[in-house]
Structure formats: C-alpha cells, structure tokens
Number of protein chains: 2
Amino acid sequence: MSAEELKLSCPAPKEGGAEITLAHGSGGRVMHRLIRDVFQAAFQDPELKRAHDGAFLASERTGLAFTTDSFVVRPLFFPGGDIGSLAVHGTVNDLAMCGAEPLYLSCGFILEEGLPLETLQRVALSMAKAAKEAGARVVTGDTKVVERGKGDGIYINTAGIGRRLVEPAPEPARVRAGDAILVSGDIGAHGAAILSVREGLTFETALQSDSAAVWPQVKALLDAGVELRCLRDLTRGGLATTLNEIAASANIGLSLDESAVPVRPETAAACEVFGLEPLYMACEGRFAAFVPEAQAKKALGILGSGALVGRAVERHPGEVRMTTRIGVERILDMLSGEQLPRIC
Amino acid sequence: MSAEELKLSCPAPKEGGAEITLAHGSGGRVMHRLIRDVFQAAFQDPELKRAHDGAFLASERTGLAFTTDSFVVRPLFFPGGDIGSLAVHGTVNDLAMCGAEPLYLSCGFILEEGLPLETLQRVALSMAKAAKEAGARVVTGDTKVVERGKGDGIYINTAGIGRRLVEPAPEPARVRAGDAILVSGDIGAHGAAILSVREGLTFETALQSDSAAVWPQVKALLDAGVELRCLRDLTRGGLATTLNEIAASANIGLSLDESAVPVRPETAAACEVFGLEPLYMACEGRFAAFVPEAQAKKALGILGSGALVGRAVERHPGEVRMTTRIGVERILDMLSGEQLPRIC
C-alpha cells in the first residue's frame, strides 16, 4: 500500500503525518488496521494472514504451534495476578487456542533503571509458578535495561511453543451456521479488576482478575471428543471484539444473547461505575468455543461454569448481532478506539 | 537464595533496597549475576543453566533450537542498519550459534504513543527484508502501545525457532586445550557506529555497523566439514566478555593475542576518541568459533575476513589472558559495569 493509503487508515496528528495512538494497542478496529496495513503488508506470510493467536509450523512433522505476546500491564501487581503470571497465562492460552499443548516458553524482560530488584524477583517467581502449573518450561530468556523514564518498571515478552493436538486446527473458517457459541466462564473480571485497582476503588466483594491457564479446560473438551471448530481467548477488546473478528474472518453471521452472557455482579458493578461495557472488557482466563449444536450440552457439562451465549447463523454474514436484555436486536460492533489501555 | 544474598550481588541505592541499574543490561558481570540469582533461581530449568544463546528442545525429534531477544537500541536508525534489521539479525544469529538453521521468527512490538507511523513502517519493511535474506519467516506477532514517556519509540522482541544441524551441539564444554579461537571478521564496528551517531561524530571513513546474519558463514563451515566445538556471537560485552563466559563455563584457560584481533581503523579511531576498548565493543554480525587446531587454516579460508586470535590452553583454567601488542601477558576480565547502554 502507498504511504497515502497508510495515512488514511490511521489518525493524523496536528503536525501532519499519521502516528501511533493508544488505540493502536487496544485490540480493536484501529489495531486490526495497523496489523493489516503495516505488518501483514511488510511480512507477507500466509501464517500471518490467518490472523490467529499463533502460527502453525506446518513444515515440521511434529505439528508445532508458535506464538508471542508482550505484556505492559499496569499496575505490575493486581488482585488475582501480576505481570509475571499474566505473561505466562497469555501465551499458554494463545497456544491452547491453536489446539496446542503448551510446552516451552521464552521470556524477554525490558527493565527500567531503578526497578527494585525485589520486584523483579517476585515477578520471576510468579512466572515460574504459573509456568509450572501450566505444564510449560521457561527455557530461554533475555534481559535489557532502559534508562529511567524510558520504560515503566517491567515489560515482558513471552513466546511459546506448543504441540498441536487438534487436527484440523480450530479456526474461523471451520465455523458452520448452527454452531453453538460457548464461553468458558464469566467475562470481564480481568479488565474490571485492573481498572478498579488503578482508580483506587474497592468494592464490597473483592474483584479478582480471571487470569489463568485455560489448557486444562481445552484438554478436557478434547478428551471428551468435543469437536472444537474455533477457539479464541477473550483478551483485548473482550467478547464483542473476538466475535467480530471471527464473523469477519469466516464471513458468517453470529447471533449473541446478551442475557445468556455470564457477568459476575462485582464485574457488572465496576463496569457501571466507570460507564464501560462488560462485553468489551478483557478476560485473561476465558475463551469462546464454537462447537456443533449437538455437542453443546456435553461441552457445557465439562466447562462447568461456562455458558451457551449464541449461535452462528446464515443471516447477516460478517456481522455480530445481539439480542439485548429487553429483546431488541442490534449490531454489536468491534471496539473502536481505546477502552482501557495497558490491560495486558 | 535469600533476599540478603540477592542484595549483596546487586548495587544498593541510597534508599536501602537493591535496584536495577543500566549495568544489569550490559552483558557483563552484573548481568550474569542477575541471570543466575533471579532468573535461573526462579525458573530452575536445565536448559537455562546451560547459559547458551538459545534452548535445545531435546524432547522434539526434529531437534529444534529456541531463542529470544529484545531490542532497545537507540537511535532506531544507525549507519548500517536499524532496530528492525538488528532484531532479525540478533535472533537468527543466536540460532546460528546453537548450530541451528533459522526457520521461524515471532515479533512483539512495544510502541510509544506518538510514534510516526511511517517510522514503524520503515522498521517493519527492514525486518521483512532482513528475515528474507536470512531465510527465516516472520510467522506470528503482537503489538502493544504504551503512553508517551513510558517507552522510547519502538522496542522489539523477536523469538526464533531453528532446526539444529550440528550434533553434538557446539558448546563451551566441548572446548579442548589446543583448540584454535577464530573470529569471523573485524570486531567492534557495531558499537563504534552506534556511539558515533549518538555523539554526532562523523569520521572521514563512514563507520558502519557490522549487523548481519552469520548463518551463511556457519553453514559454509559445516558444509566443509569443520568441527565447530563452540560458537558465540560477539554481542553485548564484546569479544572479551564472550571469551570470559566460555572460559568460566568450560573451566578452561583461553589465551588471546591482541595483535591478531582484527579491528578496522575507523573502529579503532572511534574507540580512541571515546576512551573505549574495542575488545569490549559489541558486534552484531561477528562470532567466535572454537575449532580443532588442525582445521583452523581451512576454516579461515572459508571465513575469508576472519582471523585466528588465540587458543584454548591448559594453564589458568577459567581465565582469559591476553598478550598485548607490547608483548605483556595480562588478565582480560569480563566487562563490569556498563560501557555503552542500549547497544542492541
């Protein structure tokens, strides 16, 4: 694409040329454009075009999946987790969403000069614990230090390698009209927990991040013979953005029933205080699974706290429509702009 | 280790507790302590204990190597390269040092709000070009954005997967007394180029970074049947630090002949201006190879611009000693403190 076209897809600052805004990291529409216009355009790789959470290393006989994620969450420690456990969960969950068992992790630290060493040690121990629980080994790493004011304590990148156990791979192209859309648990708690601690709010019920490794749930579904047509974790942009990605990618309509979406009362309360919508709030231990209608009940039995929240439909291809609590159907769009920066 | 012991190994700031300094990112002694005391202690993985540039995924039949590196170089563009090409070269070179052919790369961007989009596009295109030249595919990625003043334009993490072609793996434990120490070309140009552009100096001869993928050279040595006992790229901390790592890790003595070490006149001139030592300057396209004495000549013929700079010896195990230009033997220590921050 030309520089002119590139500029059109990105906000222009007062001085002239287009520049990066916080919305480019939101997981929403602006970030998707950036990925398409800059990264996919530059790297031109079929694996990137699949726009999944990870890459399939198809030429390897072992069938490996490969993924990466950087973590810039603030604060570094929050109710229910910290940047270390989150950096493990985020990457092992991306592997799980590829239908792959997490095996190996790398970790790259970018530390800000002046960071208390004890903080780094706490984060490293938390990563180690999370990796052990997820059954993954941290096998290689790197450390860089930047001057005071050029970072924010700790940034972490984790890349992961997993062994693919689902064949064919779960992906949007496999979704069929009639498929049930399940979520693996209540949504929005991670985003709400981060926001509350940032704003210094406390609620009667302690709001905790849902940050967790989801591979055990995916594995249980596989072991029970559930056909996993598409899997996506509900991170930046939340359930609404994830469903929009899948609808667009598969060019299929998705129909969501708002009243069926599980939201814990404390998450709902926090969202109400801040005027935010739980459907766009990030989760870090929840995923959406598309399964054949006939297997929905069995899958829900395995997920325990999950819910059937909608269906793939033949109508309105590429669009997500939601039946609201008062029975009105409306288009549920992708997040545009930035709801809550540095959530992960 | 206890918190007390941890503190002892790190500088204590005025306020009390130990904290991260720029030296923790230097590649020298302080960084080695941090890796040992915090990361190896937390993650407890045998692959990390090997302290190589990458991990061997031994349980996979394909014999893969896995590595990660974050890049925080400033400025983003410098003579002979930019943060994008450097992020590719650094990681494919870590794979090459494992005796592995680079196959797949991930890239994780941490962007600062306000970055001109055109800058990002230039960097992405440079990465794509470098990856193509190195024969590696960028197959997965991630983008995060941090607020103005919480980053410095662009930070990049690249993780890489390669196919191991050298068995047994090149590593310090395989070095034997009598082995020849080769360097693959002139040293210190990357560090000198970065420093010169930062300080706004220009020299009569344009000083260019040596940033490049070294796999073609390693592959040529392999194809010619040269036994590669140990390979290390000469990045942070330079040749002196690399040799110290190998001497300590293998508990073998290394003897270096200063006059045999190739340094280009413009690199030497820049080092002299800034009072720095070329032996500690980072290269980003140079490596040290330990080969059997009898194969040294053949290997040099293949490397072309390389040089035989020293030998492994039975004397002074764990120490590097250098015969200086005036014929005096002295201990060549590891870099302690920080010579030049954010070189890569």
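The values are calculated or read from the model by the stated rules, or taken from the named source; none is laboratory data. Please read all numbers here as calculations on a predicted model, not as lab measurements. So basically every Cβ, Gly included, is an ideal-geometry build from the backbone, and we count neighbours across all protein chains shown. With ligands, DNA and RNA removed, areas are computed over all heavy atoms of the protein, side chains included. Shrake-Rupley method; radii C 1.70, N 1.55, O 1.52, S 1.80 Å.
All of (1) within 23 Å of B:Cys344 (Cα to Cα); (2) out of contact with any Asp or Glu (no Cβ under 7 Å at 6 or more places or on another chain); (3) part of a helix (DSSP H, G or I) hold for B:Ala173 with one exception: (1). When B:Asp94 is tested against the conditions (1) crowded, with 21+ Cβ neighbours inside 10 Å; (2) within 12 Å of chain A (Cβ to nearest Cβ); (3) closer than 30 Å to A:Ser26 by Cα, the lone failure is (3).
Within the stretch B:182-209, the set of residues being open to solvent by 10 Å² or more (accessible area, probe 1.4 Å) and part of a loop (DSSP other than H, G, I, E, B) comprises B:Asp186, B:Glu199, B:Gly200, B:Leu201, B:Thr202, B:Phe203, B:Glu204, B:Thr205, B:Ala206, B:Leu207, B:Gln208, B:Ser209.
Every residue in the stretch A:87-145 that is in contact with a Phe, Trp or Tyr (Cβ under 8 Å, 6 or more places away or on another chain) and on the phi > 0 side of the Ramachandran plot, please. Correct list: A:Gly135 only.
Per the listing B:Ala270, B:Ala250, B:Ala307, the residue uniquely more than 30 Å from B:Val72 (Cβ to Cβ) and out of contact with any strand residue (DSSP E or B) (no Cβ under 6 Å at 6 or more places or on another chain) is B:Ala250. Taking the criterion of being surrounded by fewer than 17 Cβ atoms within 10 Å (Cβ to Cβ), within 27 Å of B:Lys219 (Cα to Cα) and in contact (Cβ under 8 Å) with a residue 40 or more places away in the chain, would at least one residue in the stretch B:330-342 satisfy it? No, the stretch B:330-342 contains no residue that is surrounded by fewer than 17 Cβ atoms within 10 Å (Cβ to Cβ), within 27 Å of B:Lys219 (Cα to Cα) and in contact (Cβ under 8 Å) with a residue 40 or more places away in the chain.
Restricting B:Phe71, B:Phe77 to residues that are surrounded by fewer than 24 Cβ atoms within 10 Å (Cβ to Cβ), in the same structural domain as B:Ala128 (by TED's automatic domain parsing) and modelled with pLDDT of 95 or more narrows the list to B:Phe77.
Hey, does the stretch B:117-132 have a residue that's in a strand (DSSP E or B) and crowded, with 21+ Cβ neighbours inside 10 Å? Scanning the stretch B:117-132 turns up no residue that is in a strand (DSSP E or B) and crowded, with 21+ Cβ neighbours inside 10 Å. Taking the conditions exactly as written (surrounded by 24 or more Cβ atoms within 10 Å (Cβ to Cβ), farther than 30 Å from B:Gln339 by Cα and in the same structural domain as B:Gly90 (by TED's automatic domain parsing)), does B:Thr140 satisfy them or not? Against the criterion (surrounded by 24 or more Cβ atoms within 10 Å (Cβ to Cβ), farther than 30 Å from B:Gln339 by Cα and in the same structural domain as B:Gly90 (by TED's automatic domain parsing)), B:Thr140 qualifies. Residues of the stretch A:319-329 that are touching a Gly at 6+ places or on another chain (Cβ under 9 Å), open to solvent by 30 Å² or more (accessible area, probe 1.4 Å) and either in a loop (DSSP other than H, G, I, E, B) or among the hydrophobic types (A, V, I, L, M, F, W, C) (or both): A:Glu319 alone.
The C-beta contact set for the stretch A:111-134 (first residue touching a residue at least 60 places away in the same chain (Cβ under 8 Å), second residue open to solvent by less than 20 Å² (accessible area, probe 1.4 Å) and assigned to a helix (DSSP H, G or I), distance under 6 angstrom, 6+ apart or interchain) comprises A:Ala130/A:Ser85; A:Ala130/A:Val88; A:Ala134/A:Val92. Taken over the stretch B:129-152, residues that are over 23 Å from the mean Cα position of the chain (by Cα) and either among the aromatic types (Phe, Trp, Tyr) or more than 26 Å from A:Val139 (Cα to Cα) (or both) amount to 7.
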